[in-house]
Amino acid sequence: MPRPAAGGRIGVLLGAMTLAEKIGQLTMQTADMAISGPGGLTSEYLDAVRAGGVGSMLNLWGAGRVRELQRIAVEETRLGIPLLFGFDVVHGHRTVFPVPLAEAAAFDSDLWERTARAAALEAAADGLSLTFAPMLDVARDPRWGRIVEGPGEDPLVARRFAAAKVRGFQGGDLAAHGSIAATAKHLVGYGAALAGRDYAQADISERELREVYLPPFADAVAAGAAAIMPSFNDLAGVPMTAHRPLLRDLLRGQWGFDGVLISDYNAIAELVQHGVAADFAEAAALALEAGVDIDMMAGAYTQGLPAALERRRIDVALVDEAVLRVLALKERLGLLDDPFGRGVEPSPGPEKAHRALAREAARRSLVLLKNDADVLPLREGARLAVIGPLADAPGEMRGSWYGAGPAEETVSILQGLRAALPEGSLVHARGVAIDGEGPEDIAAAVAAARAADIVLLCLGEAAAMSGEAACRAEPGLPGRQEELAEAVLAAGRPVVLLLACGRPLVASRIIARSAAVLVTWFPGSEGGHAVAEVLRGRANPSGRLPVSWPVATGQIPIFFARRPTGRPADPELHYTSKYLDVPTEPLFPFGHGLSYGRFALEDLRCSAGEVAAGGRLDIEVDLANEGTVAGLQTVFLFIRDPVASVARPVLELKGWQTAWLEPGDRTTLRFELPADELAFLGPDLAPLLEEGGIEILAGPSADRSLLLSTSVRVAKDREH
Ligand code: BGC
């Protein structure tokens, strides 16, 4: 396992520290600018910082405020060690980009990186040096509120997202004033929370852990992520905050991660509630032994480590190791040389560019689920009724973890449409509240619908209904929204349903009766403008679902990469793997997303019919724009291993390509598929490239009926 170097100035600093100062470096305190966990409000941190009892802060930003606190740390503490300033800069800081699940729908690593870079620049300008992002939890359960924070159901998407976000946040040089340290979170299995309930236990097979949940973190480490946060959950009985085999042995030992492990909020103290520690001393010892360096907000290290040392439960060498890692991060961030380098107010220039980027990202995130009779784009001059509680809700457009982005700088759908359309082309009626009680006027909404040519029905969740501790047993349209929708649909005008959500919403009946459905997610600061562009046909929708969209809650968890069953669903046969009351397939599959116009895919071909270990397949497929509108089209590459020593998923994602095509254009998309990618974990969980046939498939989504297919053989490995 890599041990931090004790030499140089950080070694000297360590040598000069008292035990209390060492524990201080391992302690993260919250300020009161944002609350992200229980009991966050305190202003005692000032005294604690002065006493050298705090090494890092969260929930405090703003150049002036950060500078003042940093000054106290540097000038008024005995050793003058600067603080780290961390915050959940998850999808933007001042400029809010679409929530991660939405941004994932763009399937564009370059975009993912650019938005993280912009967020880093803004955050660093606000004095921050650390973000608790990217969130890389593969999530296949839309009941779990935190599905909104990550890249969806597929490990390959999460892997690419991981690398792009780490690159974006950290830039080429972590010490640069515009770079912030990334924290890949939450390691691991948090998305598999039992019954979709936050903080609940996870029980994952060793295979699933290694094939699905761990790879995004391995890629984050490979990309140089400076920090990692263990998740709140236990994994088969061992809370991740104390999971020595995964944190110390796998992450640090095998993967060579030498960065900082930051506990989740209060998670070390919660080892007591988990039932694996009797008191803080034991909890602190378990976490430190597992390799957790920083105690976020638990006070467990402060209160527990001295006792754990006294009891000889741990050795001070473990404390020193953790302190060295924290100091090394401060050094890498340039804080030891230049504690005040970050924290310059952003100039108007980049901010403007960031707004343009926010609009681009929002546009790219929108997913057109259906568009019967080409009701979209809206025809010029159509009279519009803009109805629903999410039509003019700028604050909600930001989603969860909106950083420091003000609601008043966020463009609602109504504002976006008003800015884009001639005056008098629309009427607006809210209808009902998002949830629960509130002023209602369904009759006015119906009257507005009747007087219009087309209804834009803006329904969905409030931002706070997805995210942390925002799980929903029935992830559908909340409150009286269905009632509103029924009444508006009964008015007989074509309805374009705009869904604001941080998860796929189970709303099959309303979706079926709407002429068109556009998922807007929580699209961020420029969302309203982006939605208006797409509705009017100024932009061609191109987003694709990064999660399967269920027909019914009872289908959850639902994802495309499931294994085959011995009794595939057959409505004619009773004893097959199906439900009596709902279909087995999702309403919309992973990858689904329409655009205006028509794209055709043909002639899937492979460079060779056979591939051997160390070899590579070059795969090509032709894509043509046969419609009348230019657009961006994404094509997915899947494989299927029909006969293997371990049953393989019915589809495995291996890549995707996106191309912009003018009407009449045609292009060839190319994929490289190294033979390694055809290997899997064998019965003993060791990587295995097995002789035999492999199906190669390409197409617009995980809907098997839309995929082109060809096959190759993996040749016998001659060396064995
Ligand atoms: C969340 C983390 C977050 C932290 C700090 C916790 O409750 O689980 O994702 O980074 O709070 O705000």
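Summary of values
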| read-out | value |
| --- | --- |
| Gained length - residue 173 relative to residue 572, 0.36 nm times residue gap less alpha-carbon distance | 137.5 nm |
| Virtual spin-label span in nm between residue 513 and residue 667, 7 Å along Cα→Cβ | 4.1 |
| Region 261-377 shape via C-alpha gyration tensor axes, a/c threshold 1.5 | oblate |
| FRET E, pair residue 344, residue 258, Förster distance 45 Å, beta-carbon r, rounded to 0.05 | 0.90 |
| Relative packing of 108-116, 636-644, which averages over residues the other C-beta atoms within 10 Å, highest first | 108-116, 636-644 |
| Per-peptide average of other Cβ atoms within 10 Å, ordering 482-491, 679-688 highest first | 482-491, 679-688 |
| Angle between the chain longest axis and helix 300-310 axis [Cα atoms, degrees, rounded to 10] | 40 |
| Magnitude of the charge dipole, the chain, Cβ model with Lys/Arg +1 and Asp/Glu -1, debye to 20 | 480 |
| Separation between Cα centres of region 375-408 and region 173-251, rounded to whole Å | 34 |
| Relative contact order [Cα under 8 Å, 6+ residues apart], the chain, whole percent | 13 |
| Magnitude of the charge dipole, region 316-471, Cβ model with Lys/Arg +1 and Asp/Glu -1, debye to 20 | 500 |
| Rounded if a/c under 1.5, otherwise prolate or oblate - region 524-674, Cα gyration tensor axes | oblate |
| Dipole of the chain, positive direction: furthest Cα of 225, 24, 682, with charges on the beta-carbon | 225 |
| Helix-only [θ]222 nm of the chain, DSSP H runs n ≥ 4, -39500 (n - 2.57) each, per residue, nearest 500 | -7500 deg cm²/dmol |
| Neighbour-count ranking [beta-carbon atoms within 10 angstrom, fewest first] of 645, 56 | 645, 56 |
| Peptides 432-440, 408-416 ordered by average Cβ neighbours within 10 Å, highest first | 408-416, 432-440 |
| Proximal charge balance of residue 168 [Cβ under 13 Å; K/R count +1, D/E count -1] | 0 |
| Region 381-451: C-alpha gyration tensor shape, a/c 1.5 cut-off, then a/b vs b/c | oblate |
| Long-range amide H partners of residue 460 with built H, under 5 Å | 500 |
| Charge tally in the Cβ shell below 15 Å around residue 668, where Lys, Arg are +1 and Asp, Glu are -1, residue 668 excluded | -4 |
| Cβ-defined net charge surrounding residue 186, 10 Å radius [Lys, Arg +1; Asp, Glu -1] | -1 |
| Angle in degrees between helix 527-536 and the longest Cα principal axis of the chain, rounded to the nearest 10 | 20 |
| Dipole moment magnitude, nearest 20 debye, region 456-541 about Cα centre, only Lys, Arg, Asp, Glu C-beta charged | 280 |
| Calculated log₁₀ intensity ratio I(q)/I(0) where the Debye formula runs over C-alpha points of the chain, q = 0.08 Å⁻¹ | -0.65 |
| Other-chain or far-sequence residues with amide H under 5 Å of residue 150's (modelled H) | 101 |
| Distance in nm between pseudo-label sites at residue 210 and residue 647 (7 Å out along the Cβ direction from Cα) | 2.0 |
| Lys/Arg +1, Asp/Glu -1 at C-beta; region 562-720 dipole; positive extreme among 700, 599, 612 | 700 |
| Quotient of C-alpha Rg and 2.2 N^0.38 Å, computed over region 68-198 | 1.15 |
| Calculated FRET efficiency for the pair residue 552/residue 278, C-beta based, R₀ 56 Å, to 0.05 | 0.80 |
| Built amide H within the under 5 Å cut-off of residue 367, gap 5+ | 519 |
| Full-extension gain in nm, residue 607 to residue 353, via 0.36 nm per residue minus C-alpha separation | 87.2 nm |
| Extended-chain gain in nm, criterion 0.36 nm per residue less alpha-carbon gap, residue 407 and residue 441 | 9.7 nm |
| Nearest-ten-degree value, helix 155-170 long axis tilted from longest Cα axis of the chain | 60 |
| Sorted by Cβ density within 10 Å, fewest first, the residues 577, 263 | 577, 263 |
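Any read-out appearing in this document is the output of simple, stated calculations on the displayed coordinates, not a laboratory observation. Computed from a prediction, not measured in an experiment: that's the story for all the values here. Please note: Cβ atoms are built from the backbone with ideal geometry, for glycine as well, and neighbour counts cover all protein chains shown.
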